[in-house]
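Inspection log for the structure reproduced underneath, given as structure tokens.
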Amino acid sequence: MHELGIVFYIIRDVKQAAQANGVSKVSAVVMNIGEVSTVVPEYLTDCWRWAADKEPLLQGSELKIIPVPAVTHCQDCGKEYETVRYGKTCPYCSSGNTFLLKGNEVEIKEIEVPNN
Ligand SMILES: [Zn+2]
């Protein structure tokens, strides 16, 4: 499963960050997940539950997902529009000369540690 591979990737990064900062327990990991990324948030949290509980550092930790709306930029008229609604064709000038500005991200935004 695609999401499980991503979860292992996240765990590796979190472990590195925890080690670098002398953190021994993580309570939550906050992720930015783009609207047009290929990640299904429900699968990702399911895989997280399964994989994170095998790691002492991450046992019981929560994966929080912040959805990032997809935005496309048109190079011909310079406007920005909703990718999911209009796709690759600019709704203002009908140009296909567009590129995705954001909405494809799968990245760690924050790592939360217990308060005490
Ligand atoms: Zn345009």
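The values are calculated or read from the model by the stated rules, or taken from the named source; none is laboratory data. On a predicted model such as this, the values are computed, not experimentally measured, just so you know. Using ideal geometry, Cβ is built from the backbone for each residue, glycine included, and neighbour counts are taken over all protein chains shown. Heads up: the accessible areas ignore ligands, DNA and RNA and are worked out on the full protein's heavy atoms, side chains in. Shrake-Rupley method; radii C 1.70, N 1.55, O 1.52, S 1.80 Å.
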Restricting the search to segment 68-116, which residues are part of a strand (DSSP E or B) and acidic (Asp, Glu)?
80, 82, 107, 110, 112
Step by step: first the residues of segment 1-60, then only those that are of a type in the set (D, E, K, R) and assigned to a loop (DSSP other than H, G, I, E, B), then the one that is nearest to residue 83 (Cα to Cα). Which residue is that?
35
Output the residues belonging to segment 29-52 that are open to solvent by 60 Å² or more (accessible area, probe 1.4 Å) and among the hydroxyl-bearing types (Ser, Thr, Tyr).
38, 43
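For residues in segment 65-96 being more than 27 Å from residue 30 (Cβ to Cβ) and touching a Lys or Arg at 6+ places or on another chain (Cβ under 9 Å), which is farthest from the ligand (Cβ to nearest atom)? Quick ask: steps written out before the conclusion?
Looking only at segment 65-96, we keep the residues that are more than 27 Å from residue 30 (Cβ to Cβ), and these are 74-79, 81, 86-96.
In the following step, the residues that additionally are touching a Lys or Arg at 6+ places or on another chain (Cβ under 9 Å) were identified as 90-93, 96.
Details: 90: 3, 91: 8, 92: 4, 93: 3, 96: 9 Å.
The extreme case among them is 96.
For the condition at negative phi and either open to solvent by 90 Å² or more (accessible area, probe 1.4 Å) or within 16 Å of the ligand (Cβ to nearest atom) (or both), what is the one hit in 55, 62, 112? Steps first, answer last, please.
On the way: 55 fails: either open to solvent by 90 Å² or more (accessible area, probe 1.4 Å) or within 16 Å of the ligand (Cβ to nearest atom) (or both); 112 fails: either open to solvent by 90 Å² or more (accessible area, probe 1.4 Å) or within 16 Å of the ligand (Cβ to nearest atom) (or both).
Checking each option against the conditions leaves just 62.
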